[in-house]
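The values are calculated or read from the model by the stated rules, or taken from the named source; none is laboratory data. In this text, all values refer to a predicted model and were calculated from it rather than measured experimentally.
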Amino acid sequence: MTTLTVIETLRKARQRVENGTHSGVFEAVRSLEGEASGLTRDCVYYALLDTVAAGEAAGSIASLHRTNGAALALLDATIARLTAKLH
């Protein structure tokens, strides 16, 4: 079974929040249980919290439960931060 990477999981979760499939970031990540391992999902949660703690997102910890622009901004900032570290 092929599993998603952390960045793939973030991108897929972002799509689900944007489409309104799930009500927030946690729900979107949790819904990927069959595609991303528990360790990968844990790393995603950590990366999101790390982005908030670093002040790199235009949101707060509360944005993890929202489906508005703050949740999408947090996901975008986390994806950008991780992608930048790869290059």
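Across the range 17-48, the qualifying residues are those that are more than 13 Å from residue 74 (Cα to Cα) and among the hydroxyl-bearing types (Ser, Thr, Tyr), and the one among them that is modelled with the lowest pLDDT is 23.
Residues in the range 1-11 that are under 9 Å from the mean Cα position of the chain (by Cα) and more than 15 Å from residue 82 (Cα to Cα): none.
A count restricted to the range 19-47 and to residues that are closer than 20 Å to residue 70 by Cα and of a type in the set (A, V, I, L, M) stands at 5. Residues in the range 3-28 that are of a type in the set (Gly, Ala, Ser) and not in a helix (DSSP H, G or I): 20, 23, 24.
Out of all the residues in the range 29-58, which are hydrophobic (A, V, I, L, M, F, W, C) and either within 10 Å of the chain's Cα centre (by Cα) or part of a helix (DSSP H, G or I) (or both)?
Those that are hydrophobic (A, V, I, L, M, F, W, C) and either within 10 Å of the chain's Cα centre (by Cα) or part of a helix (DSSP H, G or I) (or both): 29, 39, 43, 44, 47, 48, 49, 52, 53.
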